[in-house]
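Peer 1: The structure is given below, and queries will be raised subsequently.
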Amino acid sequence: RISAGSAAFKLSGMNVADFPALPASEDAFAYTLPQATLREMLRKTSYAVSQDETRKTLKGVLMSFKEGKLTMVATDGRRLALVEHEIEFPAAAEKDIILPSKVVSELQRSLSGDGEVSITIEKTQVAFNLGETQIYSKLLDEIYPNYRQVIPQSCSQRISIDRKLLLDAIDRASVMMMEESSSTRLTFDSNQLLVSSVAADIGEAKDVVPIKYGGEKIEIVFNPSYVKDPLKAIDDDEVTIELNNGS
């Protein structure tokens, strides 16, 4: 019963025994890292999670505890985001889990810039201890694809570019585009990057970004969002683009 002044409410409840029990994890190993670090790792990968309901494996973020590092990966089959951070844990605690996108969003809201987070993994569940707050989640019962095999092992060209200049140029060039399927062309030439787009019946846009480049002319076409999203997630002033050719 709840009452306040002239108002009164009576609410029906449920048997407390029907509420699912929280998982017991006293004997499980707990990985520990700063809350701010985990939040940033999630921010720098979660944008690449698949939105396709038929690809359940890709609708989460891979957390891989191996070789003294936490590696987080997200991909929708067209782009892939990967972040690594060194943490200490015994070799016996090496493990891979897939975190559902819903709990990824909840963690990004709950993780603060202070203190540490303790991560405990059971067979089908994971627990995040943030001090006064604990978040429990079921894990995606899937096997994540071998993401390493799609990352090129070597590239012939390595070009450093001012991140903000590149992001602004792509923003301006994509103003002309009206459809999600539209694309932006990046043309790497002698000490300059030409960013351009053409929209049928609307017009075209061009912008030039100065770069240090003396190789052969390379043209490559992208969905502009696939370039802008990581540029927004990265904090560094300078980024490096590695490529072999226009393919």
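The values are calculated or read from the model by the stated rules, or taken from the named source; none is laboratory data. As the structure is a prediction and not an experimental result, all values here were calculated from the model. All Cβ positions, glycine included, derive from the backbone under ideal geometry; neighbour counts span all protein chains shown. The accessibility values were calculated without ligands, DNA or RNA, using every heavy atom of the protein model including side chains. Shrake-Rupley method; radii C 1.70, N 1.55, O 1.52, S 1.80 Å.
Peer 1: Would you be able to say whether some residue in the range 151-159 is in a loop (DSSP other than H, G, I, E, B) and among the β-branched types (Val, Ile, Thr)?
Peer 2: Yes - at least one qualifying residue is present in the range 151-159.
Peer 1: Would you confirm, using the coordinates I've provided, whether TYR147 is open to solvent by 60 Å² or more (accessible area, probe 1.4 Å) and under 23 Å from VAL49 (Cα atoms)?
Peer 2: Criteria not met by TYR147.
Peer 1: Let me ask another. Could you give me the residue pairs with C-beta distances under 6 Å whose first residue belongs to the range 130-158 and is at positive phi, whose second residue is open to solvent by 70 Å² or more (accessible area, probe 1.4 Å) and among the aliphatic types (A, V, I, L, M) wherever it lies, and which are 6+ apart or on separate chains?
Peer 2: none
Peer 1: Can you pull out every residue in the range 188-229 that is among the polar types (S, T, N, Q) and over 18 Å from LEU243 (Cα atoms)?
Peer 2: Result: SER196, SER197, SER225.
Peer 1: Okay, next question. Identify the single condition in (1) within 23 Å of VAL49 (Cβ to Cβ); (2) at pLDDT 90 or above that SER112 does not satisfy, given that it satisfies every other one.
Peer 2: Checking SER112 against (1) within 23 Å of VAL49 (Cβ to Cβ); (2) at pLDDT 90 or above, the one that fails is (2).
Peer 1: Residues to consider are PHE222, PHE188; find the one that is open to solvent by less than 20 Å² (accessible area, probe 1.4 Å) and free of Cβ contacts under 8 Å to residues at least 60 places away in the same chain.
Peer 2: Criteria check complete, one pass: PHE188.
Peer 1: Which of (1) open to solvent by 30 Å² or more (accessible area, probe 1.4 Å); (2) under 24 Å from ILE143 (Cβ atoms); (3) not in a strand (DSSP E or B) is the odd one out, the single condition GLN108 does not satisfy?
Peer 2: Unmet for GLN108, out of (1) open to solvent by 30 Å² or more (accessible area, probe 1.4 Å); (2) under 24 Å from ILE143 (Cβ atoms); (3) not in a strand (DSSP E or B): (2).
Peer 1: Given the structure, is ALA74 part of a strand (DSSP E or B) and more than 24 Å from SER225 (Cα to Cα)?
Peer 2: Judged against the criteria, ALA74 is not a match.
Peer 1: Related question: With respect to GLU84, determine if the residue is open to solvent by 60 Å² or more (accessible area, probe 1.4 Å) and not in a loop (DSSP other than H, G, I, E, B).
Peer 2: yes
Peer 1: Return the residues of the range 13-38 that are among the polar types (S, T, N, Q), surrounded by 15 or more Cβ atoms within 10 Å (Cβ to Cβ) and farther than 19 Å from GLU94 by Cα; say none if nothing qualifies.
Peer 2: Matches in the range 13-38: GLN35, THR37.
Peer 1: With respect to MET41, is the statement that it is in contact with a Lys or Arg (Cβ under 9 Å, 6 or more places away or on another chain), touching a residue at least 12 places away in the same chain (Cβ under 8 Å) and open to solvent by less than 30 Å² (accessible area, probe 1.4 Å) true?
Peer 2: Considered against the rule, which asks whether it is in contact with a Lys or Arg (Cβ under 9 Å, 6 or more places away or on another chain), touching a residue at least 12 places away in the same chain (Cβ under 8 Å) and open to solvent by less than 30 Å² (accessible area, probe 1.4 Å), MET41 comes out as no.
Peer 1: Moving on to the next point. How many residues are of a type in the set (Ser, Thr, Tyr) and open to solvent by less than 70 Å² (accessible area, probe 1.4 Å) when one looks only at the range 150-180?
Peer 2: Total satisfying the criteria: 2.
Peer 1: Within the range 93-105, can you find the residues that are exposed (fewer than 15 other Cβ atoms within 10 Å of the Cβ) and in contact (Cβ under 8 Å) with a residue 60 or more places away in the chain?
Peer 2: Answer for the range 93-105, where residues must be exposed (fewer than 15 other Cβ atoms within 10 Å of the Cβ) and in contact (Cβ under 8 Å) with a residue 60 or more places away in the chain: just ALA93.
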